[in-house]
Each structure stands twice: as C-alpha cells, then as structure tokens.
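Worksheet: the structure to be examined is printed underneath.
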Amino acid sequence: MEIMYLLVPLSVVLVFVIGVVFWMSVRGGQFDDLEGPAYRVLMDDDRPAREPTPDGLKDPGEESSQR
C-alpha cells in the first residue's frame, strides 16, 4: 500500500508532462495539415530522372522556363 504514495504523484506528473508536450505540438503547428502528407505520397513522381544530354542543352520537347 505504501507504493501508492509513489505511484499516484508519479502518474499525475506524467499526465502533466504529456499534456505539456501535446500542447506544445498543437501550438507549433504539428496538426495543421493532416491530409497533405498523405496526398503527397500518392502524387509522388515515380518516373525515372532524365539523363543530361552530352552538350548540356535541354531536349527539344521541354519547355523553356525563360521568357
């Protein structure tokens, strides 16, 4: 029965620490976007990367980013 004098305050401290960590994660934006990472995994580009051309020029089919 004497162990209860240790376990009850220890559990209260543990609950307080868990609450503080949870509150810090909520305030830090951890739970702002719950669906975005799941969609980014599905929309990942799995095509192999193109090899660079020997002369360093772009392929004729690629659009130029300079306008």
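The values are calculated or read from the model by the stated rules, or taken from the named source; none is laboratory data. Note that the coordinates shown come from a computational prediction; the quantities given were computed from them, not determined experimentally. Methodologically, a virtual Cβ is constructed for each residue, glycine included, from the backbone with ideal geometry; neighbour enumeration extends over all protein chains shown.
Just a few scattered comments:
- Among (1) loosely packed, with under 10 Cβ neighbours inside 10 Å; (2) modelled with pLDDT of 75 or more; (3) not aliphatic (A, V, I, L, M), the one test that SER11 misses: (1)
- Condition check for VAL41: surrounded by 10 or more Cβ atoms within 10 Å (Cβ to Cβ), assigned to a helix (DSSP H, G or I) and modelled with pLDDT under 95: no
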